[in-house]
Amino acid sequence: MKEQDYFLELGLMNTLLVDRLTTPGAYLMAQDGNDVLLPGSYLTPQMKEGTLVDVFLYTDSEDRLVATTLKPTAMLDEFALFEVVDTAPFGAFMDWGLSKDLLVPNMFQKTPFKVGEKRFLKVIYDERTHRLVGTEKLGEFFDRKVKDLAQNKEAKILIIAKTPLGFKCIVNDKYEGLIYHNEIFENIAIGEERTAYVKTVRKDGNIDLTLRKSGSKKSGGSNEKVLEILKQNKGIMPYNYKSDAQLIKDVFGMSKKEFKRTLTSLQDAGDITVKDTGIYIGKS
């Protein structure tokens, strides 16, 4: 067998060698000679002595290193949306897909957690307890020196929280960004991954974002979108230039300004007729 590098890495997927099978389970060996137990409940007939197994390493209720073939909601240094399943005086417990829940100590909570809530967290290694824990305080993990983004540049975002100003995002896995409420004309949700565009890189390292590329009117796309929605509603809808902005946003997923511009474009092309009673496909 070709020699490979196997080391015990807490919080990550490890490829380890099955060293010996015992009553409690299989002991998996790392290249440096350290081993870890994979409990019997995770064994399969294919796991024989000398074979390689992919496992996730974490600590059990007695703080012993243990392996599992299950993959958690998020691993070390990853972000994810977790549900609160229990609380205690010292912290809250989150479901992350393993037999032992993920602890979020009180010191890593922004506000007290309640059972049933969903919170966006990062899985970190706690130097004090030598355990994997979750933290809601993400600010210190963001890179404040933005080097690879500029105005109008496309970025990958992960939406992590709703605030009075807008939705906070993780940008390209390392920066902090914000989409203001007045820039959003469609439904978005916490935990959702999107493509966005940079509006401004601020001096403090935060990034203002938009879901639509700056300077692009996208009139053709807006025209097609309105026509498609009209066709889905038998060619008639009770909206016009005077319709409420929130209704337009909810129904058409665009601002009132863009909606009015689109109606004018479609009317000029003879595709629709706009009356006090609504929008109609075709000329009157």
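Bear in mind these aren't lab numbers, they're just calculated from the coordinates by the rules spelled out. Since the model is a prediction, treat every value here as computed from it, not as a measurement. Ideal geometry is used to build each Cβ from the backbone, glycine not excepted, and the neighbour counts take in all protein chains shown.
Worth pointing out:
- Taking 7 Å steps out from each Cα toward its Cβ at residue 65 and residue 52 produces label points 1.9 nm apart.
- Scanning the chain for long hydrophobic helices, with DSSP H runs required to stretch 15 angstrom or more by C-alpha along their axis and to average at least -1.0 on the Kyte-Doolittle scale, returns 219-232.
- Here the range 79-139 is treated with +1 on each Lys and Arg Cβ and -1 on each Asp and Glu Cβ, and its dipole about the Cα centre works out to around 160 debye.
- Cβ-defined net charge surrounding residue 26, 10 Å radius [Lys, Arg +1; Asp, Glu -1]: -1
- Electrostatic tally near residue 63: other residues with Cβ closer than 12 Å to its Cβ, Lys and Arg +1, Asp and Glu -1, net 0.
- Put simply, when 89-101, 20-32 are sorted by average Cβ atoms within 10 angstrom per residue, most first, you get 89-101, 20-32.
- Gyration tensor (alpha-carbon) shape descriptor, the range 13-68, a/c threshold 1.5: oblate
- Straight-distance crosslink candidates among lysines, where the alpha carbon sits under 19 Å from residue 234 and sequence neighbours closer than 8 are dropped: 225, 275, 283
- Convex hull volume per residue in cubic angstrom - Cα atoms of the chain: 211 Å³
- Contact order relative to length of the chain, as percent, for alpha carbon pairs under 8 angstrom and 6 or more apart: 9 percent
- Summary of packing: across the peptides 189-197, 119-127, the per-residue average of other C-beta atoms within 10 Å ranks them, highest first, as 119-127, 189-197.
- Measuring nothing but how far apart in sequence close Cα pairs (under 8 Å, 6+ apart) lie, relative to its length, the range 171-284 scores a relative contact order of 23 percent.
- Gyration tensor verdict on the range 79-139 (Cα atoms; rounded if a/c is under 1.5, prolate if a/b is larger than b/c, oblate otherwise): rounded
- Building the convex hull from the alpha-carbon atoms of the range 219-281 and averaging its projection over directions returns 3.5 nm².
- Multiplying the residue separation of residue 247 and residue 86 by 0.36 nm and removing their Cα-Cα distance gives an extension gain of 54.0 nm.
- Top positive-direction residue, dipole computed over the chain with Cβ charges, set 104, 76, 170: 170
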